[in-house]
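Inspection log for the structure reproduced underneath, given as structure tokens.
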Amino acid sequence: MARFFKITALVPSQTRIRTQRELQNTYFTKLVPYENWFREQQRIQKAGGTIIKVELATGKQGANTGLI
């Protein structure tokens with residue numbers, strides 16, 4: 001069974017706005033495979049965004065940590 005993280009993040013929009021003082025942010029929620037989590041985290045932070053919430057979407061919680 002594949003494990004996915006459900007992440008909610010906030011990233012500044014890429015489009016140019018009339019004045020530099022205005023800043024528009026974009027919220028999004030997406031499923032990220034466990035293997036790609038680090039790459040996705042780096043991408044969001046390099047874009048100037050922040051990660052708001054991370055949840056385990058599929059799989060058992062603590063499956064690889066010996067907590068079963």
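Each reported figure results from applying straightforward, stated rules to the coordinates on display, with no laboratory input. Not measured: the values here are computed from a predicted model. Methodologically, a virtual Cβ is constructed for each residue, glycine included, from the backbone with ideal geometry; neighbour enumeration extends over all protein chains shown.
What is the sum of charges around residue 37, taking Lys and Arg as +1, Asp and Glu as -1, for the other residues whose C-beta is under 13 Å from the C-beta of residue 37?
Spelling it out: positives minus negatives among the neighbours equals +2.
Net charge near residue 55, counting Lys/Arg +1 and Asp/Glu -1 over other residues with Cβ under 12 Å of its Cβ?
Every neighbour counted, the sum reads +4.
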